[in-house]
1. Starting at the first residue of the range 63-70, write each ³J(HN,Hα) from the Karplus equation 6.51 cos²θ - 1.76 cosθ + 1.60 with θ = phi - 60°, in whole Hz, x for Gly and Pro.
2. Given C-alpha coordinates of the chain, what is the ratio Rg to Rh with the Kirkwood estimate of Rh?
3. Order the peptides 6-16, 138-148 from the highest to the lowest mean number of other Cβ atoms within 10 Å of their residues.
4. By what distance, in whole Å, do the Cα atoms of the range 1-83 stretch along each of the three principal axes, largest value first?
5. Which trypsin sites (Lys or Arg not before Pro) does the range 53-125 hold that lie in a coil by DSSP with at most 14 other beta carbons within 10 Å?
6. Filter 104/161; 26/65; 63/104; 106/161; 39/104; 65/104 down to the pairs with a C-alpha to C-alpha distance above 21 Å, please.
7. Using mean Cβ contacts within 10 Å as the protection proxy, how do 149-155, 18-24 order, highest first?
8. For the range 1-83, which whole-number percentage of the solvent-accessible area (1.4 Å probe, protein heavy atoms only) is attributable to carbon and sulfur atoms?
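The values are calculated or read from the model by the stated rules, or taken from the named source; none is laboratory data. Fair warning: this is a prediction, and the values are worked out from it, not measured in the lab. Here Cβ is always computed from backbone atoms with ideal geometry, including for glycine, and neighbour counts include all displayed protein chains. We work out accessible area using only protein heavy atoms, side chains counted, and drop any ligands, DNA or RNA first. Shrake-Rupley method; radii C 1.70, N 1.55, O 1.52, S 1.80 Å.
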Amino acid sequence: MDIFLFIFGAIIGSFLNVVALRWDEKNFNGRSECPHCHKVLRWWELVPVFSFLVLRARCSSCKHKISFQYPLVEIWTGLIFLTVPYLMLPIFCIYVVITIYDFKYKIIPDPLVYAAIILSILYAFVSYDPIDWLAGPIIFLFFAAIWFFSQGRAMGFGDAKLGLSVGLLLGMAQGLSAITLAFWIGACVSLILMALSKFGFLKSALGLTIKSEVPFAPFIILGAWISLIFDLNILHASSL
Ligand SMILES: [Zn+2]
């Protein structure tokens with residue numbers, strides 16, 4: 001049943017939220033608490049999406065706002081479970097954690113991206129023609145060149161490693177489409193941020209300024225997900 005798969009994905013998503021937020025402490029066992037008043041949450045405050053709606057986005061004891069990140073990630077992970085082949089799910093779960101972490105800290109943790117690369121190699125190994133693996137190294141070299149020539153300003157080296165994983169996982173047609181989409185989405189978001197900052201909207205509403213670095217990994221991962229769902233081949237790549 002699709003609805004159960006979605007709910008299962010949303011539960012995994014609420015777990016991935018915790019993994020990303022506690023990654024630096026390496027403590028995934030403690031009870032979940034409000035980050036503001038440290039009140040330990042009860043079971044009904046931990047139900048994915050549902051709790052956020054029932055609590056109307058506020059902590060039940062201190063009334064501090066709960067971040068939209070929680071339900072967004074839960075819904076997104078639920079949708080991923082509905083749309084991504086089972087064998088790819090572990091890799092996409094890592095991608096979700098990378099997305100949250102890169103948004104927050106503007107960096108991709110090495111252990112996460114290495115785990116994604118290893119799982120992608122395993123996936124490529126069992127799934128398709130070895131020649132199609134070349135998409136991974138090609139995307140890696142492309143990003144690494146941007147990283148090198150911009151001296152790390154336009155792109156982080158972590159993005160190159162993530163590109164390697166995406167290429168290995170999706171192959172030539174979808175992999176190159178994912179990267180193309182990532183640049184398109186990135187450009188759109190940058191334009192929107194620029195327009196919003198003109199009206200001084202960002203500072204007040206989002207606490208962002210246009211100078212603040214925009215993380216790129218979320219765009220790569222969004223591009224990968226969309227290319228996979230719609231089996232895109234934007235660049236009309238043939239698998240050599
Ligand atoms: Zn609280």
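1. So the Karplus estimates, Gly and Pro as x, are 6, 5, 5, 8, 5, 5, 3, 4 Hz.
2. Working: Rg = 18.8 Å, Rh = 19.1 Å.
Checking Rg against Rh, the ratio lands at 0.99.
3. Values: 6-16: 20.4, 138-148: 17.9.
The packing order, highest mean first, is 6-16, 138-148.
4. So the extents along the principal axes, rounded to whole Å, are 38, 30, 19.
5. Hits after loop and neighbour filter: 56, 63.
6. On the way: 104/161 19 Å; 26/65 25 Å; 63/104 23 Å; 106/161 15 Å; 39/104 23 Å; 65/104 17 Å.
Exceeds cut-off: 26/65; 63/104; 39/104.
7. Working: 149-155: 11.4, 18-24: 16.6.
Going from most to least packed, we get 18-24, 149-155.
8. Working: 3560 of 5330 Å².
After summing per-atom areas, the C and S share lands at 67 percent.
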